[in-house]
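Before any comments, here is the structure.
The values are calculated or read from the model by the stated rules, or taken from the named source; none is laboratory data. Note that the structure is a prediction, hence the values are computed from the model and not measured. Neighbour counts run over all protein chains shown; Cβ positions are idealised from the backbone, glycine included. Quick note on the areas: whole protein, heavy atoms, side chains included, nothing else; ligands and nucleic acids left out. Shrake-Rupley method; radii C 1.70, N 1.55, O 1.52, S 1.80 Å.
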Amino acid sequence: MSGAGGGAARGRFAVVGGGIAGVTCAEKLAEEFPSEDIFLITASPVIKAVTNFKQVSKTLEEFDVEEQPSSLLEKRYPNIRVTQSGVKQLKSDEHKIYTEDGKEYIYEKLCLCAGAKPKLIVEGNPYVLGIRDTDSAQAFQKNLAQAERIVVVGNGGIALELVYEIQGCEVIWAIKDKAIGNTFFDAGAAEFLIPKLTAESQETPIECKRTKYTVEGSKEKGRPTAASDKLGSALGPDWHEGLHLKGTKEFSHKVHIEILCEVKKIHLQQEFIQLQQTSLTFPQGEKNVESDEVLWPVYVELTNGKIYGCNFIVSATGVVPNVEPFLDGNNFAVGEDGGLKVDKHMHTSLPDVYAAGDICTAAWEPSPVWHQMRLWTQARQMGWYAAKCMAADALGESIDMDFSFELFAHITKFFNYKVVVLGKYNAQGLGSDHELMLRCTKGHEYVKVVMQNGRMMGAVLIGETDLEETFENLILNQMDLSAYGEDLLNPDIDIEDYFD
């Protein structure tokens, strides 16, 4: 249809990015416009597809994420045309995209879904691994097989899962907060989960249904190894399944958490020897401040003054939106977090250019109980909604904000517990004007609700609580619950009977 220099390919809709947001957007557009070509431009040979989608409640959804060859997508939607190439340049005033492989595409409407890349604590250090996607998780596994001690930096979902899954290797976990997993939990939930970190042996993990599709293993040798700037696709909630996360040591879990600190400096072995400083052994009990006799390949100096040697460092410190290829020559409004600002119709500041997923920053006035988080669920919802907005726009129709942006709702698994977070579950943005109510059964469940002026604003549910639908309704309808007081969480009262 288009050769190098053979004129541009024209299409009514183009989407950039083969992750969940981009694929969902392209699929929805393909359904809405069966006779139009939809261009999907992606740097990766595999795309991410949503499978086993289940609407758990009004706002909660569960699905698996599967890597598939793009030919499968083209089979399902004959009008989707996939180009496997990175984007070299966007000329938004000409409605043109130039790809690395020398082709050009002219679009009427474009959606940018190029995701985000891991935020590394330092660039270009061979001992620092960024983890955020399936490729980096595999590189990580190779390194772990020879490791005796690693340092993990970061306090989000990936760091949390990683530390839990690693066995037979000492882990020094450096977090900038007071408690683990701060993006998902408060200190109480962290306390509830911590015994799981020190438990000697794990229950066998529940079978993971997700099928693995690796990038053509047979051609492995001919494929240049992914440089760290290559974009992998983000990890799903079960990314560590099937990876043998086991180091060289015989014990099961050995985790030491250093709180309220960040990495000050990283020293290679030679630099460390010249420093003539002491590094510490793995802390045993409270008193230990012994200096370490072992020489390690790399040393981490923390802002609390401690230095630990290790085999390598895992940087799991979040992501930065991947906006690079699109900024040049285009006057995008960019958010504080580096994402492309979008309005409530997923429209960027440039005509006919939309964005969805990790690359974008929600710049509309959000519902009081919704906030943006770079998660799979939001990537899917935004991709789907962006396609609806592009379609409505193309047909001159009006469209209402999608219901999924009414309430923040996410369901996941940590340490083998089901975890549901709703609304302002960590009192995000509520200041000190709120109160918390808790119910906790050690090893069984943890329930926390965030209340403001007698109304429920958010909740964290860990374990099989069966409260998610009731709480979702209470947050959505903002009913005044003052009359119930502490009984709201009384396990002897069936709260659902009150609010049907």
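General observations
- Theoretical FRET efficiency, 1/(1+(r/R0)^6), r = Cβ-Cβ of Asp402 and Thr441, R0 51 Å, to 0.05: 0.90
- Where the range 416-498 is the region considered: accessible area per residue in Å², 1.4 Å probe: 46 Å²
- By definition, a body whose alpha carbon gyration tensor gives a ≥ b ≥ c is oblate when a/c is 1.5 or more and a/b is not larger than b/c, and the range 416-498 fits this oblate description.
- Accessible area per residue was computed with a 1.4 Å probe on protein heavy atoms; Met437 scores about 20 Å².
- Here the range 416-498 has 43 percent of its accessible surface on carbon and sulfur atoms, given a 1.4 Å probe and all protein chains in place.
- Cut-off under 5 Å, modelled amide H: who pairs with Lys254 long-range: Gly168, Cys169, Val171
- For the listed residue pairs Lys48/Lys424; Lys28/Lys119; Lys109/Lys341; Lys119/Lys265, the alpha carbons are over 21 angstrom apart in Lys48/Lys424; Lys28/Lys119.
- Sequence-distant residues sharing a close amide H with Cys261 (under 5 Å, placed H): Ile175, Lys176, Asp177
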